Amino acid sequence: MTNSVSRTAAEDGLIHHIRQHAELSEAAHRTPEDWSYPSSFHLLLALGRRFTPIPSPDDLIGMPDRLCYSNAARYALAHRNEDLVYAEGFALTHHQFDIALPHAWTVRPDGTVLDPTWDDLPGRAYVGIAIADPGLWPVDGGGLLQDFHRLKPLLRSGIPQTALAELGRPLTEERTPAGKAPRDDL
């Protein structure tokens with residue numbers, strides 16, 4: 001239970017970080033009214049999910065540091081038979097203090113993270129968007145949310161629903177006291 005509580009607290013902190021950046025981006029610039037999202041942070045808040053880190057398998061050999069976008073895309077392509085998909089957003093590191101970094105990883109069908117870049121320890125928390133369409137995976141690097149040329153069409157038109165993978169958990173998790181069913185009349 002404690003591990004789940006600390007993971008949820010780390011995820012909540014990461015979501016708070018993303019919300020703060022969304023607010024800052026709104027104050028910093030105006031977005032055309034016909035765009036779907038004002039920033040990558042707004043896109044993450046609208047479509048993002050929580051993903052559960054688990055220990056890396058023993059046979060995972062870490063791919064090059066600082067190339068997480070191409071690492072995750074290539075790893076997902078190489079392991080499509082395992083139904084892995086590419087995901088991108090923010091991850092919280094395991095350093096002495098929390099560092100929220102733009103990052104990419106792969107997601108298993110059960111919503112757990114397989115991080116081909118951080119092979120020593122997975123991040124403490126992952127919040128991002130799982131992309132089901134391999135045509136969007138940035139195998140050449142750059143990322144979807146970090147490379148402006150890839151990001152601009154997503155901000156303008158959004159990500160097609162068919163390109164999203166419904167993996168992970170929603171950003172807003174309903175909390176209920178132990179033993180009580182969630183209310184659906186709210």
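Taking the range 10-34 as the search range and keeping residues that are small (Gly, Ala, Ser) and at pLDDT 90 or above, which one is most open to solvent (accessible area, probe 1.4 Å)? Explain how you work it out, then say what you get.
Kept after step one, since they are small (Gly, Ala, Ser), are these residues of the range 10-34: 10, 13, 22, 25, 27-28.
Restricting the remaining residues to those that are at pLDDT 90 or above gives 10, 13, 22, 25.
Values: 10: 7, 13: 40, 22: 4, 25: 14 Å².
It comes out as 13.
None of 108, 49 is farther than 21 Å from residue 17 by Cβ, open to solvent by less than 60 Å² (accessible area, probe 1.4 Å) and either free of Cβ contacts under 8 Å to residues at least 24 places away in the same chain or charged (D, E, K, R) (or both) except 108. Checking the structure you have, find out if any residue of the range 113-126 is surrounded by 16 or more Cβ atoms within 10 Å (Cβ to Cβ), without any contact (Cβ under 8 Å) to a residue 40 or more places away in the chain and not in a strand (DSSP E or B). No: the range 113-126 contains no residue that is surrounded by 16 or more Cβ atoms within 10 Å (Cβ to Cβ), without any contact (Cβ under 8 Å) to a residue 40 or more places away in the chain and not in a strand (DSSP E or B). Scanning the range 63-82 for residues that are closer than 22 Å to residue 110 by Cα and either exposed (fewer than 14 other Cβ atoms within 10 Å of the Cβ) or in contact with a strand residue (DSSP E or B) (Cβ under 8 Å, 6 or more places away or on another chain) (or both) returns 68, 69, 71, 72, 73, 75, 76, 78, 79, 80, 81, 82. If you filter the range 59-93 down to residues that are aliphatic (A, V, I, L, M) and assigned to a strand (DSSP E or B), you find that the one that is farthest from residue 113 (Cα to Cα) is 92.
Matching residues to (1) at pLDDT below 95; (2) among the aliphatic types (A, V, I, L, M); (3) out of contact with any helix residue (DSSP H, G or I) (no Cβ under 8 Å at 6 or more places or on another chain):
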position: 38; (1), (2), (3): no, no, no
position: 55; (1), (2), (3): yes, no, yes
position: 77; (1), (2), (3): no, yes, no
position: 86; (1), (2), (3): no, no, no
position: 89; (1), (2), (3): no, no, no
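The single condition from (1) in contact with a Ser or Thr (Cβ under 6 Å, 6 or more places away or on another chain); (2) modelled with pLDDT of 95 or more that residue 137 fails is (1). The lone criterion from (1) open to solvent by 50 Å² or more (accessible area, probe 1.4 Å); (2) outside any helix (DSSP H, G or I); (3) hydroxyl-bearing (Ser, Thr, Tyr) left unmet by residue 56 is number (1).
Looking across the range 133-156 at every residue that is under 22 Å from residue 83 (Cβ atoms), among the hydrophobic types (A, V, I, L, M, F, W, C) and open to solvent by 40 Å² or more (accessible area, probe 1.4 Å), the one that is nearest to the chain's Cα centre (by Cα) is identified as 136.
The values are calculated or read from the model by the stated rules, or taken from the named source; none is laboratory data. This one's a predicted model, so the numbers in the text were calculated from it and none came from an experiment. With ideal geometry, Cβ positions are generated from the backbone for all residues, glycine too; neighbour counts draw on all protein chains shown. The protein model used for the area step is the full one, side chains on, heavy atoms only, and it has no ligands, DNA or RNA in it. Shrake-Rupley method; radii C 1.70, N 1.55, O 1.52, S 1.80 Å.
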